[in-house]
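To start, the structure under review is shown below, and the notes come after it.
The values are calculated or read from the model by the stated rules, or taken from the named source; none is laboratory data. As the structure is a computational prediction, the values presented were derived from the model and not from experiment. Note that we place each Cβ from the backbone using ideal geometry, even for glycine, and neighbour counts take in every protein chain shown. Quick note on the areas: whole protein, heavy atoms, side chains included, nothing else; ligands and nucleic acids left out. Shrake-Rupley method; radii C 1.70, N 1.55, O 1.52, S 1.80 Å.
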Amino acid sequence: MRYSKEFIGEMLGTFMMVLFGCGSVAVTVLFNAHQGLMQIALAWGIGVTLAIYLTRHLSCAHLNPAVTLAMWIGKRMAVRKIPTYLTAQFSGAILAGFVIYLLFGPSISAFESTHNIVRGSAQSIQTAKMFGEYYAAPGSLAIVSMPLGMAAEALGTFLLLLMIFALTEGCNVGRPNDAMAPMFIGLTVTSIIGLIAPLTQAGLNPARDFGPRMVAWIFGWGNAAFPDQSGGFFFVYILAPIIGGILASLFFVYLIEPAMKRQSTSCCCDDQTSKK
């Protein structure tokens, strides 16, 4: 298989990231294992960090279609590799969704029975949110329209890609060394989740959303596996992250990167200047 190394890396990394991330949501819903948003956000950040360390020498660890397309726009990867990357990412996310259901399926059924939840009804969003994200979820204090949900997801993905470019671009002399970059990318994910998760649950990744959501649909949640009947699933969790990633790529490549490369004799970071 052509690009088999890249396929293995993207599938394995996305699988690990989604397994730890969605798994943290599952144990919170079912067992009240985590207290507060930041614990779940940290679990996601740690999952991202570990997945990058595991697979970055196989595929550069995109683990996200929005990242892959942004890297292509930014001329960091060849267009011929895109189908391999996207297929691997969605496959890894779907596989993680199946594993989560296999691990917690009996517990989900018991939770539904205890709380008189009929799977597939609107009330079953309480358990379906372990797999896919929801904006304006029932019981949420946040008031979120579809445009606001799209804006939140696009902004979150924009910030994520901006930091990925900044942490991996050689011309950024202020970045940490390569060994530390995955940790800072994970912390970026944690910070973004802490900001926008109350609005949209912070998808930031079309594969992470689509894969587990389809597993929920397969195992009986049906229409309840989707956030609304107006296309919100596609516009908020698929299209908006891609738009945010592309905008970040253009912003970095055409504005930030040239500024980083521009020579200046009056740079405030110059060692000699700082000693005066």
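Anything in the range 96-127 that is of a type in the set (A, V, I, L, M), farther than 18 Å from TRP44 by Cβ and assigned to a helix (DSSP H, G or I)? List them, or say none. Let's see the steps before the verdict.
Just the residues of the range 96-127 that are of a type in the set (A, V, I, L, M), to begin with: 96, 99-100, 102-103, 108, 110, 117-118, 122, 125.
Now restrict to residues that are farther than 18 Å from TRP44 by Cβ: 102, 108, 110, 117-118, 122, 125.
Within the range 96-127, LEU102, ILE108, ALA110, ALA122, ILE125 meet the criteria.
Please state which one of ILE40, ILE52 is in contact (Cβ under 8 Å) with a residue 60 or more places away in the chain, among the β-branched types (Val, Ile, Thr) and open to solvent by 20 Å² or more (accessible area, probe 1.4 Å).
Numbers: ILE52 fails: open to solvent by 20 Å² or more (accessible area, probe 1.4 Å).
Just one listed residue meets the conditions, ILE40.
Please count how many residues of the range 1-13 are in a helix (DSSP H, G or I), out of contact with any Phe, Trp or Tyr (no Cβ under 8 Å at 6 or more places or on another chain) and not hydrophobic (A, V, I, L, M, F, W, C).
Matching residues across the range 1-13 total 4.
Filter the range 174-204 down to the residues that are among the small types (Gly, Ala, Ser) and in a loop (DSSP other than H, G, I, E, B), then identify the one that is nearest to the chain's Cα centre (by Cα). So that I can check it myself, show each step before the final result.
Step one: list which residues in the range 174-204 are among the small types (Gly, Ala, Ser), which gives 174, 179, 181, 186, 191, 194, 197, 202-203.
Applying the additional criterion that residues be in a loop (DSSP other than H, G, I, E, B) yields 174, 179, 202-203.
Working: GLY174: 25, ALA179: 21, ALA202: 7, GLY203: 5 Å.
The residue in question is GLY203.
List the residue pairs whose Cβ atoms are under 7 Å apart, where the first residue sits in the range 225-252 and is over 17 Å from PRO147 (Cα atoms), the second is among the charged types (D, E, K, R), and the two are 6 or more positions apart or on different chains.
Final answer for the pair search is ALA225/ARG213.
For the range 169-208, which positions are of a type in the set (S, T, N, Q), within 19 Å of GLY47 (Cα to Cα) and in contact with a helix residue (DSSP H, G or I) (Cβ under 6 Å, 6 or more places away or on another chain)? Walk me through how you get there before you give the answer.
The initial filter retains those residues of the range 169-208 that are of a type in the set (S, T, N, Q), namely 172, 177, 188, 190-191, 200-201, 205.
The next check asks that each one be within 19 Å of GLY47 (Cα to Cα); those that pass are 188, 190-191, 201, 205.
Matches in the range 169-208: THR188, THR190.
Within the range 62-85, track down each residue that is surrounded by 24 or more Cβ atoms within 10 Å (Cβ to Cβ), closer than 19 Å to SER4 by Cβ and in contact (Cβ under 8 Å) with a residue 40 or more places away in the chain.
Residues satisfying the conditions are HIS62, LEU63, TYR85.
Assess whether GLY232 counts as being modelled with pLDDT of 95 or more and either in contact with a Ser or Thr (Cβ under 7 Å, 6 or more places away or on another chain) or not hydroxyl-bearing (Ser, Thr, Tyr) (or both).
Numbers: modelled with pLDDT of 95 or more: no; either in contact with a Ser or Thr (Cβ under 7 Å, 6 or more places away or on another chain) or not hydroxyl-bearing (Ser, Thr, Tyr) (or both): yes.
When the stated conditions are applied, GLY232 does not pass them.
Which of the residues belonging to the range 86-128 are closer than 20 Å to ALA33 by Cα, without any contact (Cβ under 8 Å) to a residue 40 or more places away in the chain, in contact with a helix residue (DSSP H, G or I) (Cβ under 9 Å, 6 or more places away or on another chain) and open to solvent by 40 Å² or more (accessible area, probe 1.4 Å)?
Residues satisfying the conditions are ALA110, HIS115.
From the list ALA224, ALA207, ALA216, ALA136, which one is modelled with pLDDT under 95, of a type outside the set (Phe, Trp, Tyr), part of a helix (DSSP H, G or I) and touching a Gly at 6+ places or on another chain (Cβ under 9 Å)? Walk me through it before giving the result.
On the way: ALA207 fails: modelled with pLDDT under 95; ALA216 fails: modelled with pLDDT under 95; ALA136 fails: part of a helix (DSSP H, G or I).
Only one candidate passes the filter, namely ALA224.
Mind listing whichever residues of the range 139-154 are open to solvent by 40 Å² or more (accessible area, probe 1.4 Å) and either of a type in the set (Val, Ile, Thr) or outside any helix (DSSP H, G or I) (or both)? Break it down stepwise before answering.
Of the residues in the range 139-154, the ones open to solvent by 40 Å² or more (accessible area, probe 1.4 Å) are 139-141, 143, 145-148, 150-151.
Residues satisfying the conditions are GLY139, SER140, LEU141, ILE143, SER145.
Out of the residues in the range 251-276 meeting the condition of being open to solvent by 70 Å² or more (accessible area, probe 1.4 Å) and at pLDDT 95 or above, tell me which one is nearest to ALA137 (Cα to Cα).
The extreme case among them is PHE251.
Based on this model, can you work out whether ILE40 counts as at pLDDT 95 or above, of a type in the set (Val, Ile, Thr) and closer than 17 Å to LYS129 by Cβ?
Values: at pLDDT 95 or above: yes; of a type in the set (Val, Ile, Thr): yes; closer than 17 Å to LYS129 by Cβ: yes.
Considered against the rule, which asks whether it is at pLDDT 95 or above, of a type in the set (Val, Ile, Thr) and closer than 17 Å to LYS129 by Cβ, ILE40 comes out as yes.
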